[in-house]
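Notes for the one structure printed next.
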Amino acid sequence: MSTQALTIEDAKTGEVVEAVYEHPFIIRLCHWVNAVSLFVMAGSGLQIFRAFPSFGAKIPQKDLLNWPKSFAIGGWLGGALQWHLTFVWIYIATGLLYLAYQIFSGHYKQILFVPRDVPGVWPMVRHYFFFGPKPPVKEAYNALQKHAYTSVIVLGVLSVATGFAVWKPIQFSWLAWMMGGFHLARLWHFLIMWAMLAFVFGHLVMVVLHGWNNFVSMLTGWKKDPEYVAK
Amino acid sequence: MDSRINSRKFKSLSRRELLKLTPVVALGAFAIPKLQQPLLKAGLGFSDWFSAKLFRPGHLAATFADSELTPANKFPINGYDVADPEVDFDRWKLTVAGAVQEPGDYTLAQIQALPKVTQNTRHVCVEGWDVIGRFGGARLSDFLKTIGADLTARFVTVECADDYYESLDMATALHPQTLLCYEMYDAPLTREHGAPLRLNIPTKVGYKQAKYLTDLKVTNVLEKVGYWEDQGYSEFYGL
């Protein structure tokens, strides 16, 4: 992996700051388009769920949760299905493009969680959640970030797989079988959505807390003054 | 790799990189009221096209043991407007028209004379629930051959006594598990389940499986798709 880096010299003061090109264009494009489509998929999915908010029998029906209509997309079941079955292709396309780019560019090494990252997880958890000391920053992503980003990619793949098992339980009967049948596939699909929303929540909290430079780098690709670059 | 650049140049470089993301704004088209419906229609149309490609004519839906059946009294009754359109069984007939060699009226006895198929299959509702029911009837494909239907035509359409209507792609109509169903749970179809004749199509979602059939037509052109489809539901919805 070769990462581009620049030394920026302020035109007026002559002050110098480092910048690293962290996110190639394809990654940024996929990130934002996929973010919008994930939002639509979750919103319309919740409206679809409203049509039968249960995972048990139809008679008698025991509702699991009464999800408010105002936090859903599509207005009614048919409308929500239109949104869901339209944005799923955008969601899949950006997902595939993202994965293909990561694999062929070698860029994935930046975020792929590998066994050697395991020891780094606990110190980060201790730092974030239990006021522990901040571990030294050596790479663009710490072990916990890599874990989160790798997990959400796996969840993304599973969201599509469980979705196909629910949508095409006969043509993809092997998928439904792998998930423990049609009922469980529907439950997995639902739970995976919540896991992804939990990721999004954590992701947004971190961006708000200390991520302005991170946020900008997902827009322009360039991250100014990264912690892991020695001054 | 490291090189120097002044801050003004870096700003314009960053701006250029940001502008590359303008295609993302295209998603905003979905927020424009005039474009929203055509876009969603196109998206659903693509899903339907893809669904039709995924459909394998010889691939059977799972069948289940009698012990796995949902009890008959727990099989939901979904009518779209009336619970019972009060079909007069003595005068009932199925009127056949369209691209067939022998159009006209067919009696229930004529349909029951065809080889009978009984199957325990899953009935999946678009809402997300499902039940396993026991269905008996004649293969639609056998009936289509009896009436001399043009099997290269694209659609089979049906009209119902309760003004419901549906259409079926020919590949699904010819599927061996697609039945003109006159029995459920080894008893004649009850009125609430669509007596005297309904469709049973395990490879399709529930709303395609019309009840109270009165008319059947083989055609290449659809003037209307189906009661729910014409309100925005998927046209193909194969499982």
**Message:** For a quick check of your reading of the model, give me the residue pairs whose first member lies in region A:88-116 and is closer than 30 Å to B:G45 by Cα, whose second is small (G, A, S), with beta-carbon atoms closer than 7 Å and at least 6 apart or on different chains.
**Reply:** A:V88/A:G163; A:W89/B:G43; A:I90/A:S37; A:Y91/A:S37; A:T94/A:S37; A:G95/A:G156
**Message:** Step by step: first the residues of region B:60-74, then only those that are free of Cβ contacts under 8 Å to residues at least 24 places away in the same chain and within 11 Å of another protein chain (Cβ to nearest Cβ), then the one that is surrounded by the fewest Cβ atoms within 10 Å (Cβ to Cβ). Which residue is that?
**Reply:** B:N73
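Per-residue answers, yes or no, for (1) under 22 Å from the mean Cα position of the chain (by Cα); (2) within 8 Å of chain A (Cβ to nearest Cβ); (3) more than 30 Å from A:G221 (Cα to Cα); (4) among the basic types (K, R):
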| residue | (1), (2), (3), (4) |
| --- | --- |
| B:V25 | no, no, no, no |
| B:G28 | no, no, no, no |
| B:P33 | no, no, yes, no |
| B:Q36 | no, no, yes, no |
| B:L40 | yes, yes, yes, no |
| B:G45 | yes, no, yes, no |
| B:K53 | yes, no, yes, yes |
| B:A83 | yes, no, yes, no |
| B:E86 | no, no, yes, no |
**Message:** Out of everything in region B:159-176 that is surrounded by 20 or more Cβ atoms within 10 Å (Cβ to Cβ) and over 12 Å from the mean Cα position of the chain (by Cα), what residue ends up being nearest to B:E229 (Cα to Cα)?
**Reply:** B:Y164
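One line per residue, one yes/no per condition, for (1) in contact (Cβ under 8 Å) with a residue 60 or more places away in the chain; (2) in contact with a Lys or Arg (Cβ under 7 Å, 6 or more places away or on another chain):
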position: B:A138; (1), (2): no, yes
position: B:C160; (1), (2): yes, yes
position: B:E166; (1), (2): yes, yes
position: B:D186; (1), (2): yes, yes
position: B:R191; (1), (2): yes, no
**Asked** Within region A:57-87, restricting attention to residues that are more than 9 Å from chain B (Cβ to nearest Cβ) and without any contact (Cβ under 8 Å) to a residue 12 or more places away in the chain, which residue is surrounded by the fewest Cβ atoms within 10 Å (Cβ to Cβ)?
**Response** A:S70
**Item:** Selection from region B:171-221 of residues that are under 23 Å from B:V126 (Cα atoms), of a type in the set (G, A, S) and not in a loop (DSSP other than H, G, I, E, B)
**Value:** B:A171, B:A173, B:G206
**Asked** Can you name the residue in region B:13-22 that is of a type outside the set (D, E, K, R) and facing another protein chain (nearest Cβ under 7 Å) and is also surrounded by the fewest Cβ atoms within 10 Å (Cβ to Cβ) among such residues?
**Response** B:L18
**Request:** For region B:164-192, enumerate the residues that are acidic (D, E) and modelled with pLDDT of 95 or more.
**Result:** B:E166, B:D169, B:E183, B:D186
**Request:** Output yes when any residue across region B:205-226 is within 14 Å of chain A (Cβ to nearest Cβ) and in contact with a helix residue (DSSP H, G or I) (Cβ under 6 Å, 6 or more places away or on another chain), and no when none is.
**Result:** no
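The values are calculated or read from the model by the stated rules, or taken from the named source; none is laboratory data. The shown structure was predicted, so the numbers you read here are calculated from the model rather than taken from an experiment. Here the Cβ is made from the backbone with ideal geometry for all residues, glycine too, and neighbour counts use every protein chain on show.
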